[in-house]
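Engineer: Below is a structure I'd like to ask you about.
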Amino acid sequence: MDIYNGWLISNSYYNPAKFNSLYKVLQESAERAGLRFSKWTSSERATVIGSTAREPKPSFVLFWDKDVLLARTMELSGLRLYNSARAIELADDKVQTALKLTEAGIPIPETIPAPICFPGCRRDPKSAENAAKILGWPLVIKENKGSFGQQVYLANNVGEAARILTQIGEHDCLFQRFVATSAGKDIRVTVVGGKAVCAMTRQSQSKEQFRSNMELGGTGTAYALSPFEEKLAVDAANALGLDFAGVDILFGRDATERYVCEVNSNPQLQSTIDACGINPATNIMWHIRSQIKAGTATV
Ligand SMILES: Nc1ncnc2c1ncn2[C@@H]1O[C@H](COP(=O)(O)OP(=O)(O)O)[C@@H](O)[C@H]1O
Ligand SMILES: [Mg+2]
């Protein structure tokens, strides 16, 4: 089997200890697919805009960061990134995701982008009040960029919304209809190369917690997707151009009602491995290998 060499790029500043086990899973899975990578932080791979990547160029760059501008700079230098800069950009911003998914005809909870707030200005709770006239209370408020459920809030009234908006400040955010039928639970689908590899339902710890994220104490259970759910997840990943993705799906009133909540470009792997007994990193590596062999390794 030919061996292909690549890079794994991680963020220079955010590098919690739990990432060590992630890197180990990625490394072991890569080796099984005949891929080898060296690990770099974003600052260690400083790239001049417009420069050409030096030979020998890596056959692939596993971009485990959300640094879209570095990603784009690397692509311009002739490297093929997994995921691509554009796909990460679309997935990492929840309003951009909402726009793309809606263009593709994929159902999402009704979403209103909040007015942009410049540094030094104060957010006006009227914006939440106006959104709630359309979307109702309680109202979901989310920062456009966020993970682990940490920048996702639920406001029961305008007073709560005002406090949340003050906390969010100048960060971009959105208002969203609260999908009550999915409170505290959702489906996480891992999609690789246009196929749903596995899925789990996630359940929050308590009735009071509407967010099902593992990082907030949620638990995962392997789940058999319906053909409709499977298509929704695959379509969502494809609409954003993601080679691999974690797609969150909310439950509606019956089996025909589902909403794509968000799409992750750096999906959590360990919780999926624990719940499903399947390691999606293996699929990711074989997908990269097939792309290299298909000659799409350089752009
Ligand atoms: N509109 C909504 N209605 C009901 N629950 C929601 C809604 N949006 C998010 N949630 C819950 O909050 C969790 C976190 O939201 P999500 O948009 O996935 O942000 P994050 O990127 O932080 O994971 C979801 O997994 C889901 O359990
Ligand atoms: Mg999520």
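The values are calculated or read from the model by the stated rules, or taken from the named source; none is laboratory data. This structure is a prediction, so every number in the text was calculated from the model and none was measured. Cβ coordinates were reconstructed from backbone atoms using ideal geometry, including for glycine residues, and neighbour counts include every protein chain displayed. Only protein heavy atoms, including side chains, enter the accessible area calculation; ligands, DNA and RNA are left aside. Shrake-Rupley method; radii C 1.70, N 1.55, O 1.52, S 1.80 Å.
Engineer: Which one of these does residue 88 not meet: (1) within 16 Å of ligand 2 (Cβ to nearest atom); (2) more than 22 Å from residue 285 (Cα to Cα)?
Structural biologist: (2)
Engineer: So, one more: Looking at the range 185-202, is at least one residue more than 17 Å from the chain's Cα centre (by Cα), surrounded by 15 or more Cβ atoms within 10 Å (Cβ to Cβ) and of a type in the set (Lys, Arg)? Working first, answer last.
Structural biologist: Step one: list which residues in the range 185-202 are more than 17 Å from the chain's Cα centre (by Cα), which gives 185.
With surrounded by 15 or more Cβ atoms within 10 Å (Cβ to Cβ) added as a condition, the list becomes 185.
Narrowing the set further to residues that are of a type in the set (Lys, Arg) leaves 185.
For the range 185-202, residues more than 17 Å from the chain's Cα centre (by Cα), surrounded by 15 or more Cβ atoms within 10 Å (Cβ to Cβ) and of a type in the set (Lys, Arg): present.
Conditions (1) hydrophobic (A, V, I, L, M, F, W, C); (2) over 30 Å from residue 268 (Cα atoms), marked per residue:
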position	(1), (2)
83	no, no
86	no, no
97	no, no
101	yes, no
125	no, yes
142	no, no
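Engineer: Follow-up question, since we're still on this one. Residue 176 is checked against (1) in contact (Cβ under 8 Å) with a residue 60 or more places away in the chain; (2) within 16 Å of ligand 2 (Cβ to nearest atom); (3) of a type outside the set (A, V, I, L, M, F, W, C); (4) exposed (fewer than 15 other Cβ atoms within 10 Å of the Cβ) and fails just one. What number does that condition carry?
Structural biologist: (4)
Engineer: So which of 132, 114, 104 is within 18 Å of the chain's Cα centre (by Cα) and at pLDDT 95 or above? Let's see the steps before the verdict.
Structural biologist: Numbers: 132 fails: within 18 Å of the chain's Cα centre (by Cα); 114 fails: within 18 Å of the chain's Cα centre (by Cα).
The conditions single out 104.
Engineer: With respect to residue 142, determine if the residue is within 12 Å of ligand 2 (Cβ to nearest atom) and charged (D, E, K, R).
Structural biologist: On the way: within 12 Å of ligand 2 (Cβ to nearest atom): yes; charged (D, E, K, R): yes.
So residue 142 passes the test.
Engineer: So which pairs qualify, if the first residue must be in the range 204-223 and within 13 Å of ligand 1 (Cβ to nearest atom), the second must be part of a helix (DSSP H, G or I), the Cβ gap must be under 7 Å, and the two must be at least 6 apart or on different chains?
Structural biologist: 204/216; 209/216; 214/271; 220/214; 220/271; 220/274; 220/275
Engineer: Follow-up. Scan the range 5-47 for residues that are open to solvent by 40 Å² or more (accessible area, probe 1.4 Å), closer than 20 Å to residue 290 by Cβ and of a type outside the set (S, T, N, Q) and jot them down.
Structural biologist: The answer is 7, 28, 31, 32, 36.
Engineer: Now for a separate question. What is the one condition in (1) assigned to a helix (DSSP H, G or I); (2) within 22 Å of residue 258 (Cβ to Cβ); (3) open to solvent by less than 60 Å² (accessible area, probe 1.4 Å); (4) charged (D, E, K, R) that residue 160 does not satisfy?
Structural biologist: (2)
Engineer: Further question: Take the residues in the range 230-278 that are assigned to a loop (DSSP other than H, G, I, E, B) and out of contact with any strand residue (DSSP E or B) (no Cβ under 9 Å at 6 or more places or on another chain), then tell me which one is surrounded by the most Cβ atoms within 10 Å (Cβ to Cβ).
Structural biologist: Ranking the candidates gives 241 first.
Engineer: Please specify each residue of the range 61-84 satisfying the condition of being farther than 11 Å from residue 47 by Cα, buried (at least 20 other Cβ atoms within 10 Å of the Cβ) and among the small types (Gly, Ala, Ser).
Structural biologist: Within the range 61-84, 84 is the sole residue that qualifies.
Engineer: Shifting gears a bit: Just wondering, is there one or more residues in the range 242-250 that are among the aromatic types (Phe, Trp, Tyr), more than 12 Å from ligand 2 (Cβ to nearest atom) and closer than 27 Å to residue 132 by Cβ?
Structural biologist: No, every residue in the range 242-250 fails to be among the aromatic types (Phe, Trp, Tyr), more than 12 Å from ligand 2 (Cβ to nearest atom) and closer than 27 Å to residue 132 by Cβ.
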